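For reference, the structure is listed below as structure tokens.
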Amino acid sequence: MPEEIAAGIYRIPVPLVGNPLKELNAYLLKGEDGNLLIDTGFRQPACRGALFTGLRELGIRRGETEVLLTHLHSDHSGLAPEAAGEQTIYISEVDRLSLDDRAYRERYWNTMEERFREEGFPRHLMANMNETNPARSMAPPAGGHYVGLADGQILEKGGCRIQCLLMPGHTPGQMCYWLPERGVLFTGDHVLFDITPNITFWPILPDALGAYLESLKKIRAYDPELTLPGHRKSGDLKTRVDQLLCHHQRRLEEALNVVKAHPGRGAYELAGHMTWKIRASSWADFPVAQKWFAVGECMSHLDHLIVLGQLRRETVEGKAAYYPI
């Protein structure tokens with residue numbers, strides 16, 4: 001059931017079946033100048049049913065609303081072309097290429113997979129990632145009228161004045177959307193309140209964690225009356241940003257200690273020695289998709305430790321190895 005959380009702003013809960021995130025918060029802005037849907041859910045039946053049922057209850061059919069995406073991930077973008085129809089899908093120009101340019105997307109995945117192989121991710125597990133990784137299997141299909149957004153750009157949509165804030169880290173083009181007259185901030189997955197956003201390696205963002213930490217400090221300067229995240233509950237922005245900064249400092253210390261205890265190993269093996277909140281008895285029992293996310297997050301911390309001058313990375317015969325300095 002849609003929930004009106006502020007005047008003209010509705011939350012539509014979209015279940016993410018089989019995913020640890022559990023649910024996406026899709027938001028609809030209703031205004032006399034038209035409607036604007038923020039994020040959509042995976043391209044899967046449960047998400048499709050919940051999203052379009054919620055829209056119908058608000059008097060909106062498919063193709064009767066423009067779509068504004070916080071970032072490229074498929075749990076946010078998967079249904080965007082279906083929801084928008086012939087109308088516009090807005091997303092940061094940085095992330096637009098991954099959805100709107102097939103050749104760019106294939107180059108990105110090839111580069112990503114090459115790095116994971118260097119880090120020791122087993123080839124036999126990599127082989128079924130197209131089917132098990134929702135980033136590929138549930139992403140939006142080709143098509144859709146995408147328009148790229150720039151940092152600081154203003155949209156007048158859904159009865160609101162919306163300022164686009166580029167906050168790279170979770171993805172290279174993650175955006176938050178600030179409604180200054182309303183005191184409302186949509187954070188996407190940049191700031192989540194009871195789970196920690198995944199920060200992984202990105203080919204076009206060499207130090208993803210460093211970018212994320214800087215983006216956290218930037219968003220902390222805002223003082224919203226209402227903060228609306230992409231998943232689960234809301235909370236106090238500044239308090240949560242401080243918690244996330246502390247969390248990643250602890251994770252950096254853990255990653256450094258793991259390398260000191262296991263020098264000369266790649267990120268796949270090192271990730272197996274880090275702590276993860278997941279229901280699995282051992283690293284060997286992790287689902288393949290969750291191993292992918294864990295190794296990616298491990299890589300982002302190792303990359304940042306290299307930038308900080310605390311680690312070095314060597315590649316021998318196509319295999320990565322990390323050493324403390």
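The values are calculated or read from the model by the stated rules, or taken from the named source; none is laboratory data. Note that the structure is a prediction, hence the values are computed from the model and not measured. A quick note on method: Cβ atoms are made from the backbone with ideal geometry, for glycine too, and the neighbour counts reach across all protein chains shown. These accessible areas exclude ligands, DNA and RNA; they are computed on the full protein's heavy atoms, side chains included. Shrake-Rupley method; radii C 1.70, N 1.55, O 1.52, S 1.80 Å.
Taking θ = phi - 60°, what integer Hz values does the Karplus form 6.51 cos²θ - 1.76 cosθ + 1.60 yield along region 152-163, in sequence order, with x for Gly and Pro?
Calculated HN-Hα couplings, in order: x, 5, 10, 10, 10, 9, x, x, 10, 9, 10, 9 Hz.
Farthest toward the dipole's positive end in the chain, which of Gly309, Trp109, Ala83, given Cβ charges of +1 (Lys, Arg) and -1 (Asp, Glu) about the Cα centre?
Value: Gly309.
Please go through the residue pairs Lys22/Lys291; Lys22/Lys238; Lys260/Lys291; Lys217/Lys291 and name each one whose alpha carbons sit more than 27 Å apart in this structure.
Details: Lys22/Lys291 18 Å; Lys22/Lys238 25 Å; Lys260/Lys291 22 Å; Lys217/Lys291 29 Å.
Too far apart for the 27 Å limit: Lys217/Lys291.
Give me, ordered by chain and number, the residues 5 or more places off Ile38 or on other chains with an amide H under 5 Å from its own placed amide H.
Answer set, sorted by chain and number: Tyr27, Leu28, Leu29, Leu68.
Which whole-Hz couplings ³J(HN,Hα) result when phi for each residue of region 309-320 is put into the Karplus expression 6.51 cos²θ - 1.76 cosθ + 1.60, θ = phi - 60°, listed in order with x for Gly and Pro?
Values per residue, Gly and Pro as x: x, 9, 9, 10, 10, 10, 10, 10, 6, x, 10, 7 Hz.
So for the chain: antiparallel DSSP bridges make up what percent, rounded to the nearest 5? Walk me through the numbers on the way to the answer.
Values: 33 of 47 bridges.
Approximately 70 percent, going by the DSSP bridge assignments.
Please report the relative contact order for the chain, taking Cα pairs under 8 Å with a sequence separation of at least 6, and give it as a percent rounded to a whole number.
Values: 666 pairs, mean separation 47.6, N = 325.
Relative contact order comes out at 15 percent.
For the full complex of protein chains and a 1.4 angstrom probe, list Phe293, Phe116, Phe201 by accessible area with the highest value first.
Numbers: Phe293 65, Phe116 0, Phe201 25 Å².
Highest to lowest solvent-accessible surface, that is Phe293, Phe201, Phe116.
Accessible area, 1.4 Å probe, largest first: how do Ile60, Ile204, Ile154 sort? Provide the component values of the computation, followed by the final result.
Working: Ile60 5, Ile204 90, Ile154 65 Å².
I get Ile204, Ile154, Ile60, largest accessible area first.
Counting Lys and Arg as +1 and Asp and Glu as -1, each charge on the Cβ, what is the dipole of region 218-308 about the Cα centre in debye, to the nearest 20? Mind showing how you got there, number by number?
Details: 13 positive and 10 negative charges, 28 e Å.
Dipole size: approximately 140 debye.
Using unit Cβ charges (K, R positive; D, E negative) and no other charged atoms, how large, in debye to the nearest 20, is the dipole of the chain about its Cα centre? Walk me through the numbers on the way to the answer.
Details: 36 positive and 41 negative charges, 138 e Å.
In total the dipole reaches around 660 debye.
What FRET efficiency would be calculated for the residue pair Glu156, Thr275, taking the C-beta separation as r and a Förster radius of 41 Å, to the nearest 0.05? Don't jump to the answer; show the numbers that get you there.
On the way: r = 46 Å, r/R0 = 1.12.
FRET efficiency, Glu156 to Thr275: 0.35.
Please report the relative contact order for region 13-113, taking Cα pairs under 8 Å with a sequence separation of at least 6, and give it as a percent rounded to a whole number.
With pairs under 8 Å counted, the relative contact order is 22 percent.
If I stretch the segment between Arg136 and Glu64 completely, what's the gain in nm (0.36 nm per residue apart, minus their alpha carbon distance), one decimal? Numbers along the way, then the final one.
On the way: separation 72, 0.36 × 72 = 25.92 nm, distance 2.68 nm.
So the extension gain works out to 23.2 nm.
Taking all protein chains in place and a 1.4 Å probe, what share, in percent, of the accessible surface of region 170-243 do carbon and sulfur account for? Write down the numbers at each step before the final one.
Numbers: 1300 of 2590 Å².
Carbon-and-sulfur percentage of accessible area, whole number: 50.
For Glu86, Glu93, what's the largest-to-smallest order of accessible area, 1.4 Å probe? Show your work: numbers first, answer last.
Numbers: Glu86 175, Glu93 80 Å².
If we order Glu86, Glu93 from most to least accessible, we get Glu86, Glu93.
Would you kindly find the accessible area of Trp283, with a 1.4 Å probe and non-protein molecules such as ligands, DNA and RNA excluded, rounding to the nearest 10 Å²?
Counting only protein heavy atoms, the figure is 40 Å².
Please turn the phi angles of region 102-112 into ³J(HN,Hα) values with the Karplus equation 6.51 cos²θ - 1.76 cosθ + 1.60 (θ = phi - 60°), one per residue in order, whole Hz, x for glycine and proline.
Rounded to whole hertz, the list is 4, 5, 4, 4, 5, 5, 4, 5, 4, 5, 4.
Which percent, to the nearest 5, of DSSP beta bridges fully inside region 1-136 are antiparallel?
Values: 15 of 20 bridges.
That works out to approximately 75 percent antiparallel.
Leaving out ligands, DNA and RNA but keeping every protein chain, what accessible area does Lys260 have, in Å² rounded to the nearest 10, with a 1.4 Å probe?
120
Can you give the accessible area of Asp33, probe radius 1.4 Å, in Å² rounded to 10?
Surface open to solvent at Asp33 totals about 100 Å².
Using a cut-off of 18 Å between alpha-carbon atoms, which lysines can reach Lys157, once sequence neighbours fewer than 8 places away in the same chain are excluded?
Straight-distance partners of Lys157: Lys30.
Size of the dipole of region 71-223 about the Cα centre, Lys and Arg at +1 and Asp and Glu at -1 on the beta carbon, nothing else charged, in debye to 20?
Numbers: 14 positive and 21 negative charges, 21 e Å.
Dipole of region 71-223, to the nearest 20 debye: 100 debye.
Which of Tyr90, Tyr27, Tyr108 moves the most in a Gaussian network model of the chain with Cα springs under 10 Å?
Ranking Tyr90, Tyr27, Tyr108 by mean-square fluctuation puts Tyr108 first.
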